[in-house]
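The values are calculated or read from the model by the stated rules, or taken from the named source; none is laboratory data. This one's a predicted model, so the numbers in the text were calculated from it and none came from an experiment. Using ideal geometry, Cβ is built from the backbone for each residue, glycine included, and neighbour counts are taken over all protein chains shown. Surface areas here come from the heavy atoms of the whole protein model, side chains and all, with no ligands, DNA or RNA. Shrake-Rupley method; radii C 1.70, N 1.55, O 1.52, S 1.80 Å.
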Amino acid sequence: MHWQENLATRVAGEAELLDVEIGKLRDDDLEDALRLLHTAHTQILAGCDIVRDLRRKVQQRYEA
């Protein structure tokens, strides 16, 4: 399995499992969960930016 398929599958799988569990949270836990989800979202986007920047560097290397 390619690394990108593994990454996409893992993120999707964890999000799906969280969707099941989030309904079990009490109201007082929900605010903390939403804060953590926001942090995770930000980190995932930052990771996507790193992958994009690496791809661009590789492209530039082979275009030169």
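Would you tell me the accessible area of ASP28, worked out with a 1.4 angstrom probe on the heavy atoms of the protein chains, in Å² to the nearest 10?
Approximately 100 Å² for this residue.
Fully extended, how many nm does the chain gain between GLU21 and GLU5 (0.36 nm per residue separation, minus their Cα-Cα distance)?
That works out to 3.3 nm of additional length.
Per residue, how much accessible area does the chain show when a 1.4 Å probe rolls over the protein heavy atoms, in square angstrom?
95
Assuming R0 = 30 Å, can you tell me the calculated FRET efficiency for the pair TYR62 and THR42, based on Cβ-Cβ distance, to the nearest 0.05?
Efficiency, from the Cβ-Cβ distance: 0.45.
What's the angle, to the nearest 10 degrees (0 to 90), between helix 3-22's Cα axis and the longest principal axis of the chain?
On a 0 to 90 degree scale, this one is about 10.
At 222 nm, what helix-only mean residue ellipticity would the chain give, in deg cm²/dmol to the nearest 500, using -39500 (n - 2.57) for each DSSP H run of four or more?
Roughly -32000 deg cm²/dmol at 222 nm, from the helical runs in the chain.
Tell me, what % of the accessible area of the chain is carbon and sulfur with a 1.4 angstrom probe?
Carbon plus sulfur share of accessible area: 58 percent.
Can you give the angle from 0 to 90° between the axis of helix 27-63 and the longest principal axis of the chain, with both taken from C-alpha atoms, to the nearest 10?
Once rounded, one gets 10 degrees.
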